[in-house]
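Here is the structure we will look at.
The values are calculated or read from the model by the stated rules, or taken from the named source; none is laboratory data. Predicted, not measured: the structure shown is a model, and the values here were computed from it. Ideal geometry is used to build each Cβ from the backbone, glycine not excepted, and the neighbour counts take in all protein chains shown. Side chains are part of the model used for accessible areas, which takes the heavy atoms of the whole protein and leaves out ligands, DNA and RNA. Shrake-Rupley method; radii C 1.70, N 1.55, O 1.52, S 1.80 Å.
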Amino acid sequence: MASRRVVQALRGALATPPLRLSAARSRVCFQCQQRWSSVSQRQGSDRVNFPGAVNSSFTTDLNFQRATEADAMPTYRYLDQEGQVIDKARGEPDVTDDELLGYYKTMVTVSILDLIMFDAQRQGKVSFYMVSQGEEGIGVGSSSALRNDDPLFLQYREHGVFFQRGTTLDDFIAQCFSTKDDTGRGRSMPVHYGSKKHHVHTISSCLATQLPQASGAAYARKIENARNPNKDEHRVVACYFGEGAASEGDFHAALNIAATRSCPVVFICRNNGYAISTSTLEQYKGDGIASRGVGYGVDTIRVDGNDILAVREVTKAARALALSDGGRPVLIEAMSYRVSHHSTSDDSFAYRAKVEVEDWKRRDNPITRLRKYMENKGIWDEEKEKQLRSDARKQVLDAYRKAEKEKWPPLANMLEDVYAEVTEEQKEQLVMVKEMVEKYPEEYDLDIYEGGLDALKSTVEAQR
Amino acid sequence: MVAARLLRPAARLLRPSPSIRPTATFQRVSAPTASRWRTYASENGPKEMTVRDALNEALAEEMEVNPKVFILGEEVAQYNGAYKVTKGLLDRFGEKRVIDSPITESGFAGLCVGAALAGLHPVCEFMTFNFAMQAIDQVINSAAKTHYMSGGIQPCNITFRGPNGFAAGVAAQHSQDYSAWYGSIPGLKVVAPYSSEDAKGLLKAAIRDPNPVCVLENELLYGLSFPMSEAAQKDDFVLPFGKAKIERPGKDLTIVTLSRNVGLCLVAADALKSKYGVEAEVINLRSIKPLDIEAIVNSVKKTGLMMAVESGFPMFGVGAELIALTVEYAFDYLDAPPVRVTGAEVPTPYAQKLEEMSFPTPELITEYAAKLLKV
Ligand SMILES: Cc1ncc(C[n+]2csc(CCOP(=O)(O)OP(=O)(O)O)c2C)c(N)n1
Ligand SMILES: [Mg+2]
């Protein structure tokens, strides 16, 4: 009885909708009518014209499609393992020798930085670190084909991207050591970089959350691009993630929303074979991550991540595609092998054989592949290699030693940024801090904080 | 002053204190208990066991007696669990019952909920409860409510477990305490073990309980050893839900606390005794939902003073609930307004010193207790 009364009351309410609502409703109905009529079934047609599948032909074969029966999607390559151009007819790539040398130097520097920071964690200098060994080519190659102001969302194993964008070793190590120069102000774990200057959103620990956010940022770009008649200034968003993260629901949500809202976003999956201990054999059953892109109506390509020139070329094409038709998502699956342990908290020999890793290291990796190509071209040799490695090592160690001695962020920093504005309570607390350290100067050495007591005083003054 | 309550005076952050990681702090916390049972002197009688091993034993025993129990989660099988809680279980029970999942919390939690709705008794391990955020819809909107909404025809005997709360040096997104979140949901039961006995008894009870239960463990406790009584070593040992444990009796002050904070409060209680000669009663809640309000009221009747210690954020938290209940049921026995010591009102900082000061410490608890006691 009671529920019937509620239903009647509801009906009564619906019977007299406010004018705006009814107008909106009729518009919706008009739209659906249009959609329906455009897909209605023609007499004798050999195609299905259901609203959910508009170009499917009828068949009398009862046949389930099986992923395993179809060939795997091919992997695009430019260079073979020996660094030779495979399709000679296509000629040389459109990169200058200087650019090549730059990419090479960046990759080598990243690999040396990784070794040194990994050891720094072992020595207790930083609490945590993650290495990108084996995946330098994906980061450097892809970002070399993007505009430097295309906004980026990263996962954590994309160090090459930062250096290709011009991040310095000082910037990078400052984040790991949480010094005054850390733009994240010491609030995040090591490796969780972000850079406003380089248009990189701060890395989040929660897997895959960056994917739908990238769709959203791309939607914002789409609107901005539409307003800007200068096509050269149009931008895309690029979003990096691992094949493990692609099992999260957010991956699927991101591709579908980007496809349906036509967002200019390039999704770049690093498929490195592992998600901590979970191998791709247990991560998914289909044809990698690429096959899913097709399912969501997203233009998709698979590329050899150890071939930096192929990654570069593919990303360049993907970027152009993402800007076409007012915006559309593109998916790149870059294949590689995670040579390193997952992080400093992991010992990967508990779940994979050491020989497997050694084998990959020796057989193929992005650094040696580009090196061979440059040697074949006659622009690189053993001498230069030695010099580069010793220079890079020295630069990393210099930056490392500098960061070790660097001051910490200003003291007032600890109460800021919880909200966009400092709250009244926090202002009061900062005053208390100031009074305390002034009262007991021999107890508190503020020299380690940037600006020391003076900075604290002027912040308090400014907040008054 | 509101500020002092919500975000503890910042001046405190500058107090010179020995620099210790939370883990190190904690080693000290368990030391008094541990030293009492240092040896495996006799065959029977109490023995030492880590919280990790106690959880492992609970899982193994329940899987042994109940073929409907299985474990699913990220890295639980081949890798023996991200924190090695499921060590050896794959070898012992096989891959049909100890199952690795792809990296999809909503996927494997959803699978577990589905299996529970179909009559199995899954144990769903989250690598940490921070990652359970990806699956919280399955926990709250499905696991907790389906039995009710189906008119009681769909069982949901499921155990969600994993580390909760902050660990060392893992910053804002990996350092949250979800006790209050899950504790507020009708249909869920929630427990938070402190010692090895708690861990074993509560996890076994959770697996046996016909309802969805969240077992909120703590990463910093996994490696600590506690005595296991003879009874607790048996495979029929379970602890009842909704029963708190008086870890330390006392007549002057009631400290109500849970999980890792129990250890901190015990250290604080010792300090209160040696410094001021007062006896604090430390109540280990063990179970957050249902909550043993009777134990709190009985204690407050004796002491007249109440303090809640927990490591969630200050507002709308477990401490708030404990104090509200105390005021509702024992107002007339209170000699002073109750106080709470909680985590600070800030996303957990990465910096070691700031992290240390974002959560209760024995010193902070002692200080607040002394103020409340006016000693
Ligand atoms: C929601 C969530 N679940 C689990 C984790 C723990 N975790 C961190 S990294 C990682 C593996 C990710 O693998 P993949 O995406 O393949 O990236 P890779 O490490 O191989 O670069 C896992 C499971 C997390 N950070 N967030
Ligand atoms: Mg991976």
Lone unmet requirement of (1) touching a Pro at 6+ places or on another chain (Cβ under 9 Å); (2) on the phi > 0 side of the Ramachandran plot for B:GLU75:
(1)
Can you pull out the residues in the range B:332-348 that are more than 14 Å from chain A (Cβ to nearest Cβ) and of a type in the set (Asp, Glu)?
B:ASP332, B:ASP335
Go over the candidates A:LYS105, A:LYS125 one by one and state the one that is outside any helix (DSSP H, G or I), basic (Lys, Arg) and open to solvent by 90 Å² or more (accessible area, probe 1.4 Å).
A:LYS125
Unmet requirement for A:PRO264, which otherwise passes all of (1) more than 28 Å from A:ALA67 (Cα to Cα); (2) touching a residue at least 60 places away in the same chain (Cβ under 8 Å); (3) within 16 Å of ligand 1 (Cβ to nearest atom):
(3)
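Per-residue answers, yes or no, for (1) modelled with pLDDT under 95; (2) surrounded by 20 or more Cβ atoms within 10 Å (Cβ to Cβ); (3) in a helix (DSSP H, G or I); (4) within 11 Å of another protein chain (Cβ to nearest Cβ):
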| residue | (1), (2), (3), (4) |
| --- | --- |
| B:ILE103 | no, yes, no, yes |
| B:GLY114 | no, no, yes, no |
| B:GLY119 | no, no, no, no |
| B:ALA135 | no, yes, yes, yes |
| B:PHE160 | no, yes, no, no |
| B:PHE166 | yes, yes, no, no |
Count, please, the residues in the range B:168-188 that happen to be within 14 Å of chain A (Cβ to nearest Cβ) and open to solvent by 10 Å² or more (accessible area, probe 1.4 Å).
6
Out of A:GLU356, A:GLU313, I need the residue that is over 30 Å from A:VAL126 (Cα atoms) and of a type in the set (Asp, Glu). Which one?
A:GLU313
Qualifying residues in the range B:68-96 (those that are open to solvent by 50 Å² or more (accessible area, probe 1.4 Å) and touching a residue at least 12 places away in the same chain (Cβ under 8 Å)) - the one nearest to the other protein chains (Cβ to nearest Cβ)
B:GLN78
Among the candidates A:ILE173, A:ILE112, residue that is part of a helix (DSSP H, G or I) and crowded, with 24+ Cβ neighbours inside 10 Å:
A:ILE173
In the range A:117-130, is there at least one residue being among the β-branched types (Val, Ile, Thr) and away from chain B (no Cβ under 14 Å)?
no
Tally, over the range A:205-217, of residues that are away from every other protein chain (no Cβ under 11 Å) and open to solvent by 10 Å² or more (accessible area, probe 1.4 Å):
5
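A quick yes/no check of all residues on (1) assigned by TED's automatic domain parsing to the domain that holds B:LEU291; (2) under 15 Å from B:ALA58 (Cβ atoms); (3) within 14 Å of ligand 1 (Cβ to nearest atom); (4) of a type in the set (S, T, N, Q):
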| position | (1), (2), (3), (4) |
| --- | --- |
| B:PHE126 | no, no, yes, no |
| B:ILE136 | no, no, yes, no |
| B:ILE140 | no, no, no, no |
| B:GLY162 | no, yes, yes, no |
| B:TYR182 | no, no, no, no |
| B:PRO186 | no, no, no, no |
Enumeration of residues in the range B:338-360 that are in contact with a strand residue (DSSP E or B) (Cβ under 9 Å, 6 or more places away or on another chain) and part of a loop (DSSP other than H, G, I, E, B):
B:PRO338, B:THR342, B:ALA351, B:PRO360
Of everything in the range A:396-445, what is within 16 Å of A:PHE177 (Cβ to Cβ) and part of a helix (DSSP H, G or I)? Give them in sequence order.
A:VAL396, A:LEU397, A:ASP398, A:ALA399, A:TYR400, A:ARG401, A:LYS402, A:ALA403, A:GLU404, A:LYS405, A:ASN413
Quick one: is A:LYS439 open to solvent by less than 90 Å² (accessible area, probe 1.4 Å) and either out of contact with any Pro (no Cβ under 7 Å at 6 or more places or on another chain) or among the β-branched types (Val, Ile, Thr) (or both)?
no
Could you grab me the full set of residues in the range A:180-201 that are away from chain B (no Cβ under 11 Å), in a loop (DSSP other than H, G, I, E, B) and polar (S, T, N, Q)?
A:THR183
May I ask you to verify whether B:VAL346 is in contact with a Ser or Thr (Cβ under 8 Å, 6 or more places away or on another chain) and crowded, with 24+ Cβ neighbours inside 10 Å?
no
Set A:THR202, A:THR179: member being buried (at least 20 other Cβ atoms within 10 Å of the Cβ) and more than 16 Å from ligand 2 (Cβ to nearest atom)
A:THR179
Might you check whether a residue that is touching a Gly at 6+ places or on another chain (Cβ under 7 Å), β-branched (Val, Ile, Thr) and in contact (Cβ under 8 Å) with a residue 60 or more places away in the chain occurs anywhere in the range B:124-139?
yes
Within the range B:258-290, residues within 27 Å of B:VAL346 (Cβ to Cβ) and assigned to a loop (DSSP other than H, G, I, E, B) come out as B:LEU258, B:SER259, B:ARG260, B:LEU285
Scanning the range A:323-349 for residues that are away from ligand 1 (no atom under 15 Å from the Cβ) and in a helix (DSSP H, G or I) gives A:LEU323, A:SER324, A:ASP325, A:GLY326, A:PHE349
